[in-house]
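Encoded as structure tokens, the structure appears first; notes follow it.
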Amino acid sequence: MTGRPLDVLVVDDEQPAVDELVYLLAQDPRIGAIRTCTSAAEALQRLQEGDLDAVFLDIQMPALNGLELAGVLNRFRQPPAVVFVTAHDEHAVAAFDLRAVDYVLKPVRAERITETVTRIAGDGTGTAPAPPEDLQVAVELGGVTRFVRRSEITHVEAQGDYARLHTSSGSHLVRIALTQLEEEWAAARFVRIHRSLLVSLGHVTELRSDAGRCSVVVEGGTELGVSRRHTRQLKDLLARGAP
């Protein structure tokens with residue numbers, strides 16, 4: 001972005017939701033004009049004028065829904081940034097497939113909107129932050145010490161006082177607590193999905209939901225169950241920065 005205020009459009013078929021989001025956006029000095037629509041059809045007409053930086057979209061709307069509208073916007077020569085704002089977390093992967101900038105769950109918090117605006121505006125430096133250094137993890141195999149790159153690890157499984165590091169080609173047991181790895185490897189996008197599992201977001205290839213239960217598939221085809229406690233956070237993280 002150029003540093004000028006961002007002109008945005010809020011689209012939701014429920015007026016109280018529109019009013020709340022407009023209020024939160026107006027508190028951010030980086031936001032300029034805020035326009036509103038209560039239907040996707042009305043929004044599409046407004047967006048065709050082409051002078052908006054971002055659109056904040058509800059998903060569940062009558063007739064044309066938010067996902068369908070985003071699909072239309074993807075065909076624009078210069079589409080605005082799309083942010084989904086919804087009470088439903090099951091559409092996160094579809095939103096990412098549509099190149100959404102962010103996926104915000106209702107009820108919306110002020111600090112969450114601040115984070116979203118930062119993602120839209122950029123940091124002004126023109127460069128992406130450097131990725132964390134790729135560690136070499138020492139593992140013992142048949143009396144021989146070998147090294148596994150952290151970037152090759154798809155997930156980590158707790159086994160008592162040990163942790164089993166899984167790669168697409170095998171696994172290795174190391175003496176370290178899962179809680180310690182969770183803390184030390186958070187910057188490398190390893191997140192907890194179950195009390196006994198960490199997963200590398202960079203290796204997630206699918207997110208599955210079935211009868212209210214969630215799981216992820218990592219490179220190599222392994223499917224891992226996600227506990228209800230961690231489902232919402234995982235979907236939010238994948239939508240904001242999925243590989």
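The values are calculated or read from the model by the stated rules, or taken from the named source; none is laboratory data. Treat the numbers as computed from the prediction; the structure is a model and nothing was measured. Here Cβ is always computed from backbone atoms with ideal geometry, including for glycine, and neighbour counts include all displayed protein chains. Surface accessibility is based on the protein's heavy atoms, side chains included, excluding ligands, DNA and RNA. Shrake-Rupley method; radii C 1.70, N 1.55, O 1.52, S 1.80 Å.
Return one quarter of the surface area of the convex hull spanned by the alpha-carbon atoms of the stretch 132-243, equal to its mean projected area, in nm².
7.0 nm²
Net charge dipole, the chain: roughly 500 debye, given to the nearest 20, about the Cα centre with Cβ charges of +1 for Lys and Arg and -1 for Asp and Glu. Taking Cα atoms only, the orientation of helix 228-241 departs from the longest principal axis of the chain by about 70 degrees.
Pair-distance distribution of the chain: all C-alpha pairs, bin width 10 Å, starting at 0; shares per bin in whole percent are 7, 28, 29, 20, 11, 4, 1. With all protein chains kept in place, the per residue accessible area of the chain amounts to 54 square angstrom at a probe of 1.4 angstrom. Expressed as a whole percent, the accessible area of the chain that falls on carbon and sulfur atoms is 49 (1.4 Å probe).
Counting only alpha carbon atoms, the long axis of helix 15-26 and the longest principal axis of the chain meet at about 80°.
What net charge is computed for the residues neighbouring L64, neighbours being all others with C-beta under 15 Å from the C-beta of L64, Lys and Arg scored +1, Asp and Glu -1?
Values: positive: R46, R75; negative: D12, D13, E42, D58, E68.
Net charge around L64: -3.
In the chain the longest region clear of trypsin sites (Lys or Arg not before Pro) that are loop-assigned by DSSP and have at most 12 other C-beta atoms within 10 Å covers 1-74.
What does the charge dipole of the stretch 10-58 about its Cα centre add up to, to the nearest 20 debye, if the Cβ of each Lys and Arg holds +1 and the Cβ of each Asp and Glu holds -1? Can you show the working numbers first?
On the way: 3 positive and 11 negative charges, 40 e Å.
Taking the Cα centre of the stretch 10-58 as origin, the dipole is about 200 debye.
Apply the Kirkwood formula to the stretch 1-106: the hydrodynamic radius equals the inverse of the mean of 1/r over all pairs of different alpha-carbon atoms; give it in Å with one decimal.
Working: mean 1/r = 0.0731 Å⁻¹.
Evaluated on the stretch 1-106, it is 13.7 Å.
Using just its DSSP H runs of length 4 or more, each adding -39500 (n - 2.57), the chain gives a mean residue ellipticity at 222 nm of -8000 deg cm²/dmol after division by all residues.
Sorted from greatest to least, the principal axis extents spanned by the alpha carbons of the stretch 197-243 come out as 24, 23, 17 Å.
Looking at the chain, what % of its DSSP beta bridges pair antiparallel, to the nearest 5?
Working: 34 of 51 bridges.
Bridges in the chain that DSSP calls antiparallel: roughly 65 percent.
Once R0 is set to 51 Å, what does the formula 1/(1 + (r/R0)^6) return for the Cβ-Cβ distance between E42 and A186, expressed as a FRET efficiency to the nearest 0.05? Walk me through the numbers on the way to the answer.
Values: r = 42 Å, r/R0 = 0.82.
The pair E42/A186 has a calculated efficiency of 0.75.
In a fully extended conformation the segment linking R195 and Q159 would gain 11.8 nm over its present Cα-Cα distance, using 0.36 nm per residue.
Taking the chain as a Gaussian network of alpha-carbon nodes connected by springs under 10 Å, the highest mean-square fluctuation of the residues I34, I153, I176 belongs to I176.
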